[in-house]
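Here is the structure we will look at.
The values are calculated or read from the model by the stated rules, or taken from the named source; none is laboratory data. The structure presented is a predicted model; accordingly, all values stated were derived computationally and were not measured. Here Cβ is always computed from backbone atoms with ideal geometry, including for glycine, and neighbour counts include all displayed protein chains. Side chains included, ligands, DNA and RNA excluded: accessible areas come from the protein's heavy atoms. Shrake-Rupley method; radii C 1.70, N 1.55, O 1.52, S 1.80 Å.
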Amino acid sequence: IFNQRTGASVASWDALLQTSLPDSVTLEAFESINIANYQQMVEHYFSTIRQMFDRYLPEVLYLGCRFHAGFTHEHNFSIAAKYVDVLSINIYTDAVSNYRYPREFDQIDLPYIVSEFHFGALDRGMFGTGLNFAADQRNRGERYRIYMDSVLEDPKCLGAHWFMMADEATAGFNGNESYNSGFLSVADQPYYEFLEQVIAYNN
């Protein structure tokens with residue numbers, strides 16, 4: 001079947017592993033098979049965990065996994081929605097109202113939680129702002145308030161989780177990330193201009 005679909009001529013799977021396929025060989029014929037296999041894998045993943053929750057944790061909400069807003073989930077979202085109680089999504093935008101990706105999100109009648117967001121600045125401390133830029137520590141607080149206002153305005157959103165307590169390591173983390181993404185510096189010093197607004201908002 002592999003040879004028929006691709007135009008290759010290999011005698012076995014072992015031979016395929018040791019063969020460099022010519023440019024004329026195309027794997028496009030396997031796209032539908034790959035999608036079907038992927039969907040089956042995602043279905044198995046979420047349905048298995050759902051079964052375990054129902055059996056051992058029947059009173060606990062199944063929040064699924066954290067989907068990242070920057071990746072395609074054209075298959076994941078619709079399948080996960082059949083099994084989870086709440087969708088969990090990292091939403092790195094100015095406001096949750098700006099999140100409209102993937103297309104299926106608006107059609108899914110489930111609550112969601114923002115599992116990760118932050119705003120960073122370069123006025124002190126770190127060498128990177130992270131995934132959302134702010135002008136300075138005061139502006140981090142302003143952007144936090146705008147973001148949280150959008151959370152409260154969306155009836156489907158259950159809440160939002162700030163990324164991390166302290167900044168990422170100065171020497172770098174996860175591919176040299178060094179982000180001003182915390183409430184505290186790497187020396188455990190509060191960003192007061194930022195925190196004044198966060199604390200006031202949450203009182």
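Taking segment 1-16 only, how many residues are open to solvent by 50 Å² or more (accessible area, probe 1.4 Å) and of a type outside the set (Gly, Ala, Ser)?
The total comes to 6.
Report the residue count in segment 81-97 for those that are assigned to a helix (DSSP H, G or I) and open to solvent by 10 Å² or more (accessible area, probe 1.4 Å).
1
Looking at the structure I just gave you, is SER47 touching a residue at least 12 places away in the same chain (Cβ under 8 Å), polar (S, T, N, Q), more than 23 Å from ALA160 (Cβ to Cβ) and part of a helix (DSSP H, G or I)?
yes
Considering only residues that are among the small types (Gly, Ala, Ser) and surrounded by 10 or more Cβ atoms within 10 Å (Cβ to Cβ), look in segment 17-36 and name the one that is farthest from the chain's Cα centre (by Cα).
Looking at the filtered set, the residue picked out is ALA29.
Here's the yes/no breakdown for (1) in contact with a helix residue (DSSP H, G or I) (Cβ under 6 Å, 6 or more places away or on another chain); (2) farther than 30 Å from ALA81 by Cβ; (3) aromatic (Phe, Trp, Tyr); (4) modelled with pLDDT under 95:
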position: ASP136; (1), (2), (3), (4): no, yes, no, no
position: GLY141; (1), (2), (3), (4): yes, yes, no, no
position: SER150; (1), (2), (3), (4): yes, no, no, no
position: ASP167; (1), (2), (3), (4): no, yes, no, no
position: ASN176; (1), (2), (3), (4): no, yes, no, yes
position: TYR201; (1), (2), (3), (4): yes, yes, yes, no
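Filter segment 69-80 for residues that are modelled with pLDDT of 80 or more and either assigned to a helix (DSSP H, G or I) or crowded, with 18+ Cβ neighbours inside 10 Å (or both) and give the result.
ASN76, PHE77, SER78, ILE79, ALA80
Identify the single condition in (1) touching a Pro at 6+ places or on another chain (Cβ under 8 Å); (2) closer than 17 Å to ALA121 by Cα that LEU158 does not satisfy, given that it satisfies every other one.
(2)
Taking segment 98-127 only, how many residues are modelled with pLDDT of 90 or more, open to solvent by 10 Å² or more (accessible area, probe 1.4 Å) and small (Gly, Ala, Ser)?
1
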